[in-house]
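Participant: Right, I'll just put the structure down here and ask away after.
What follows is calculated from the coordinates using simple rules that are stated; it is not laboratory data. Just so you know, these numbers come straight off a predicted model, no measurement behind them. All Cβ positions, glycine included, derive from the backbone under ideal geometry; neighbour counts span all protein chains shown.
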């Protein structure tokens, strides 16, 4: 018996309206991401990658079609239901980290836990665990301005995983980083996928980043091309592509 | 409560802006508190007027005097029990320098009828007898005695700034009595005053000094209007017509010499409050505009629009409550020390002891909170409505 996909996008159409003009960003798009997969979405600017990511993350709604993530049809949820759903089931990693500058690293990581019923001690303990996972336990009480770009992104990843979501969506997580830091972040995502079993959907322009994913999908003018590659754990470990 | 550190940290983010906003709002609260306290004291002073006392003055203005001979004619009006001349002397310490810094209210009165109709001035009988017997004698309030360290027997020199009472040299007085008041029974009694013999003034000015006011005690307060009309009718066909009114109206008229203070002071308070509302609203809007991306991030993390709005409202509430407390504290400090401020203290000493009432203090903190919440409403609503995708795209 096969497990249901972590992300199931079916016949999604997304249309933006600018004045009287309709802009079709996604046109009948379907995508299935099995649980525990690491998928990279690539494509030129304006192809609809980020829009698709936003739909999967539940921060935008499709014009038509359905988006089922972790067993919930997020396209059918109300605004407030979506907020609650996001806080429990999805972790979001931004290109520019988007940490709250007045909060320390651990306070930033703790933020999503404020929406839970956990007590302060438990929240702190979980935030520290998340920081330990990303290797920044010793920087817990540093402010974002006291961290490098790579460290900031690792704190953002800790924030994304602190609630133990089923799905992590990352919007060009290495786009603002130097090669070394980018490599560290990709290695971390790899760990989250392999060791912690997180389903990751990542938008990227960087072929090297995409190469770390198991599945690479290309978007062109709102339409997905077929999978251009699949690297399972074994093949990636050996550096081969099937 | 778990969101409190988040709210407080944001307020510390731009401490200069936060502190200037708090200061602005606090000054507004301080100003309104102080003005309302003064208005309240003036109102208490008016309310403390006795119903059986009338005041007769020159029909044209308080600044003109009436002939002394009117006393006997007023006394003859049916319903009148006793009549006492009362002249505001305007005496200042220091012979020629006109030392307004140490100004206190001083009046020439006819001791017998005056103290009989003003039981609130409690002078020990022996001291009252000494005062009545000494033409240069004076009685002073306990607060005045305390302020200058005067005791019975102290010599005091005053020179008036009112031209008819200036005789080329200071008037010399000897303190013969010190009065106090039952503040519970007569809450409006001012103990920063001095009373001396009208005869001393009258004779020293070679009988040129007329009478500023005749204080009239009547037998039946319900007949006040009729007696007042009868007094004024008595002088209707003379050169110096009179205007007689209840003591409360008289005090109100005296206060209104400075204009319609109630409207003026309330107007100032309203204008300041409105200005502060706009300034605070602008500050809150700026603070929220700067954090548009942050708001989108919070929503992405699962914070509902309502919760985000609550956080911004919370910031406004903390800011305005702090301003309210600071403003009330400053006002309390000023009000309790107002007597020490030269001239202003003496001028306001005409009124009951100034105190910032707990009701006003609570009301002003609530007003500050209300202003803050009102100011935070628009930015909070904008944050509520902000769509994550649009905001992140615009960032």
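Participant: Share of antiparallel DSSP beta bridges in chain A, in percent to the nearest 5?
Facilitator: So the antiparallel bridges in chain A amount to around 55 percent.
Participant: If packing is taken as the average number of other Cβ atoms within 10 Å across a peptide's residues, how do B:231-239, B:21-29 rank, most packed first?
Facilitator: In descending order of packing, they fall as B:21-29, B:231-239.
Participant: Determine the shielding of peptide A:108-114 by partner chains: average, over its residues, the number of Cβ atoms on other chains within 10 angstrom of each Cβ.
Facilitator: Partner-chain Cβ atoms within 10 Å, mean over residues of A:108-114: 4.
Participant: So what is the relative contact order for chain A, in percent, with contacts set as C-alpha pairs under 8 Å and at least six apart?
Facilitator: This gives 26 percent for chain A.
Participant: Compute the distance from the alpha-carbon center of segment A:157-222 to that of segment B:183-241, in whole Å.
Facilitator: 93 Å
Participant: For segment B:352-385 and segment B:37-82, what is the separation of their C-alpha centers, rounded to whole Å?
Facilitator: 42 Å
Participant: On to the next question. Could you list A:218, B:10 in order of exposure, starting from the residue whose Cβ has the fewest other Cβ atoms within 10 Å?
Facilitator: The fewest-first ordering by Cβ neighbours comes to A:218, B:10.
Participant: Still on this structure, please answer the following. Would you mind ranking B:144, A:147, B:367 by Cβ crowding within 10 Å, fewest neighbours first?
Facilitator: Fewest-to-most Cβ neighbours within 10 Å comes out as A:147, B:367, B:144.
Participant: What's the ranking of B:53-64, B:105-116, A:9-20 by average number of surrounding C-beta atoms within 10 Å, highest first?
Facilitator: Sorting B:53-64, B:105-116, A:9-20 by mean packing, highest first, produces B:105-116, B:53-64, A:9-20.
Participant: Here's a follow-up. Work out the FRET efficiency for residue B:225 and residue B:282 from their Cβ-Cβ distance, taking R0 = 60 Å, and round it to the nearest 0.05.
Facilitator: Working from the Cβ atoms, E equals 0.65.
Participant: Between A:34, A:173, A:62, find the one with the highest GNM mean-square fluctuation for chain A; connect C-alpha pairs within less than 10 Å.
Facilitator: Of A:34, A:173, A:62, the most mobile in the Gaussian network model is A:34.
Participant: Which residues in segment A:17-32 place their backbone N less than 19 Å from a point set 7 Å from the Cα of residue A:220 along the Cα-to-Cβ direction?
Facilitator: Within reach of a label on residue A:220: A:24-31.
Participant: At 222 nm, what value in deg cm²/dmol follows for chain B if DSSP H runs of at least 4 each add -39500 (n - 2.57) and the sum is divided by all its residues, to the nearest 500?
Facilitator: -17000 deg cm²/dmol
Participant: Could you work out the mean count of beta carbons from other protein chains within 10 Å of each residue's beta carbon in B:290-301?
Facilitator: The per-residue average across the peptide is 6.
Participant: Given the -39500 (n - 2.57) contribution per DSSP H run of 4+ residues, what per-residue ellipticity at 222 nm results for chain A, rounded to the nearest 500 deg cm²/dmol?
Facilitator: Estimated from H runs of four or more residues: -9500 deg cm²/dmol.
Participant: Take peptides B:129-141, A:183-195, A:114-126 and line them up by average Cβ neighbours within 10 Å, highest first, as a rough protection proxy.
Facilitator: So the peptides B:129-141, A:183-195, A:114-126, ranked by packing, come out B:129-141, A:183-195, A:114-126.
Participant: What is the angle, in °, between the Cα long axis of helix A:149-161 and the longest principal axis of the Cα atoms in chain A? Nearest 10 is fine, range 0 to 90.
Facilitator: So the inclination is approximately 80 degrees.
Participant: Additional query: Any chance you could run the full-extension gain for residue B:362 through residue B:51? It's 0.36 nm times the residue separation minus the Cα-Cα distance, nm to one decimal.
Facilitator: Gain on extension, residue B:362 to residue B:51, equals 108.7 nm.
Participant: Let me know the mean shielding of A:184-193 by other chains, meaning the per-residue number of their Cβ atoms within 10 Å of its Cβ.
Facilitator: Counting other chains' Cβ atoms within 10 Å and averaging over A:184-193 gives 0.
Participant: Below 8 Å between Cα atoms, with a sequence gap of 6+, how large is the relative contact order for chain B in percent?
Facilitator: 28 percent
Participant: On to the next question. For residue B:13 and residue B:151, what does the FRET efficiency come to when R0 = 51 Å and r is the distance between their Cβ atoms, rounded to the nearest 0.05?
Facilitator: According to the calculation, E is roughly 0.25.
Participant: What is the helix-to-structure angle for A:120-133, meaning the angle in degrees between its Cα long axis and the longest Cα principal axis of chain A, kept from 0 to 90 and rounded to the nearest 10?
Facilitator: 70 degrees
Participant: Let me ask something else. How far is helix B:261-289 tilted off the main Cα axis of chain B, in degrees rounded to 10, range 0 to 90?
Facilitator: The helix B:261-289 is inclined about 10 degrees to chain B.
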